[in-house]
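*Asks:* Before we start, here is the structure in question, set down as structure tokens.
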Amino acid sequence: MRIAQVTGFLGSGKTTFLTKLAAEIMERGHKVAIIVNDVGHINVDQKVMSSHGLTVKEVAGGCICCEVQGTFTTTVVNLHIGHKPDVILVEPSGVAIPWGLKQAVADAVKNSGLDIVHSPIVTFIDCTAIEEQMAFVGRLISTQIREADAVMINKIDLCTEDEINKCIDMIKKTDGSANIMIGSAVTSDGVKEMADLILNNTSKRYDEAIEKGLFKEQYGG
Ligand SMILES: Nc1nc2c(ncn2[C@@H]2O[C@H](COP(=O)(O)OP(=O)(O)OP(=O)(O)O)[C@@H](O)[C@H]2O)c(=O)[nH]1
Ligand SMILES: [Mg+2]
């Protein structure tokens with residue numbers, strides 16, 4: 001079983017993209033489950049996702065990264081018992097950093113004894129809003145970029161080539177070794193590429209020492 005985590009600031013297009021991604025992965029013959037914690041959007045999501053035969057598990061209350069780690073393990077185990085998905089896609093809150101969920105996944109592996117592979121972590125960037133967002137939540141977004149295995153510049157259907165290039169430059173400045181992808185949840189650009197990435201690779205950033213270093217650097221703790 002694979003667990004793939006996406007991050008990205010509020011409204012960057014995670015849920016919309018994940019539904020397309022799930023459909024693509026299922027078309028390739030894999031069983032997919034999605035864990036979201038956005039109760040506000042869950043009804044819409046459920047409608048969309050069930051049309052693809054998906055199971056949506058709601059993680060109760062707040063951010064799964066920090067508040068409900070125990071529940072996250074239970075959710076993963078229940079999903080495994082009930083549905084035996086090959087791939088679980090996880091969307092934590094838009095203000096979560098990848099490190100928290102990585103710990104929760106590690107916890108799930110340890111406590112459940114399940115054989116879980118960490119797929120690459122993808123951080124979503126809203127190409128239309130990144131400049132403004134960097135001005136007021138730059139630190140959070142920088143951390144999300146630097147802890148990810150890949151960065152998806154989303155909503156390119158709304159952007160000029162110039163804007164996309166600016167966004168690429170900003171990401172490179174934040175993380176010189178970032179694996180940058182571009183796409184759109186509306187036109188499905190980048191969906192196949194992300195499915196390839198998630199199905200065929202593992203998270204290279206899952207290294208506690210590196211993560212703790214990054215965390216300390218960002219938050220001083
Ligand atoms: N034009 C365009 N709109 C998009 C794209 N992706 C998402 N949207 C729209 O952007 C808005 C936010 O999308 P969501 O998928 O809810 O974003 P999210 O990251 O899950 O948001 P939160 O869970 O609230 O953090 C919605 O109105 C989507 O329809 C895209 O690629 N192009
Ligand atoms: Mg969402």
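The values are calculated or read from the model by the stated rules, or taken from the named source; none is laboratory data. Everything numeric in this text was worked out from a predicted model, so none of it was measured. FYI the Cβ positions are ideal-geometry reconstructions off the backbone, even for glycines, and counts take in every protein chain you see.
*Asks:* Please work out which one of (1) buried (at least 22 other Cβ atoms within 10 Å of the Cβ); (2) over 26 Å from V186 (Cβ atoms); (3) modelled with pLDDT of 80 or more is the condition F72 fails and give its number.
*Replies:* (3)
*Asks:* Let me spell it out: the conditions are (1) free of Cβ contacts under 8 Å to residues at least 60 places away in the same chain; (2) among the polar types (S, T, N, Q); (3) out of contact with any Leu (no Cβ under 9 Å at 6 or more places or on another chain); (4) within 16 Å of ligand 1 (Cβ to nearest atom), and T128 meets all of them except one. Which number is the exception?
*Replies:* (3)
*Asks:* Further question: Tell me whether the stretch 23-44 contains one or more residues that are within 16 Å of ligand 2 (Cβ to nearest atom), at pLDDT below 50 and acidic (D, E).
*Replies:* no
*Asks:* Continuing with this model, one more query. Restricting the search to the stretch 138-159, which residues are surrounded by fewer than 16 Cβ atoms within 10 Å (Cβ to Cβ) and more than 17 Å from I180 (Cα to Cα)?
*Replies:* Those that are surrounded by fewer than 16 Cβ atoms within 10 Å (Cβ to Cβ) and more than 17 Å from I180 (Cα to Cα): G138, R139, L158.
*Asks:* Now, a different point. Starting from residues that are within 12 Å of I145 (Cα to Cα) and of a type in the set (D, E, K, R), keep the ones in the stretch 160-173 and report whichever is surrounded by the fewest Cβ atoms within 10 Å (Cβ to Cβ).
*Replies:* My answer is K173.
*Asks:* If I go through the stretch 150-179 residue by residue, how many of them are under 14 Å from F124 (Cα atoms) and at pLDDT below 95?
*Replies:* Residues meeting the conditions: 1.
*Asks:* Next question. Can you work out which of the residues in the stretch 13-28 that are of a type outside the set (A, V, I, L, M, F, W, C) and either in contact with a Pro (Cβ under 8 Å, 6 or more places away or on another chain) or in a helix (DSSP H, G or I) (or both) is surrounded by the fewest Cβ atoms within 10 Å (Cβ to Cβ)?
*Replies:* E27
*Asks:* In the stretch 104-142, how many residues are of a type in the set (A, V, I, L, M) and in a helix (DSSP H, G or I)?
*Replies:* Residues in the stretch 104-142 being of a type in the set (A, V, I, L, M) and in a helix (DSSP H, G or I): 11 in total.
*Asks:* Any idea how many residues of the stretch 86-117 are in contact with a helix residue (DSSP H, G or I) (Cβ under 6 Å, 6 or more places away or on another chain) and either within 16 Å of ligand 1 (Cβ to nearest atom) or closer than 26 Å to E193 by Cα (or both)?
*Replies:* Summing the residues that are in contact with a helix residue (DSSP H, G or I) (Cβ under 6 Å, 6 or more places away or on another chain) and either within 16 Å of ligand 1 (Cβ to nearest atom) or closer than 26 Å to E193 by Cα (or both) in the stretch 86-117 gives 7.
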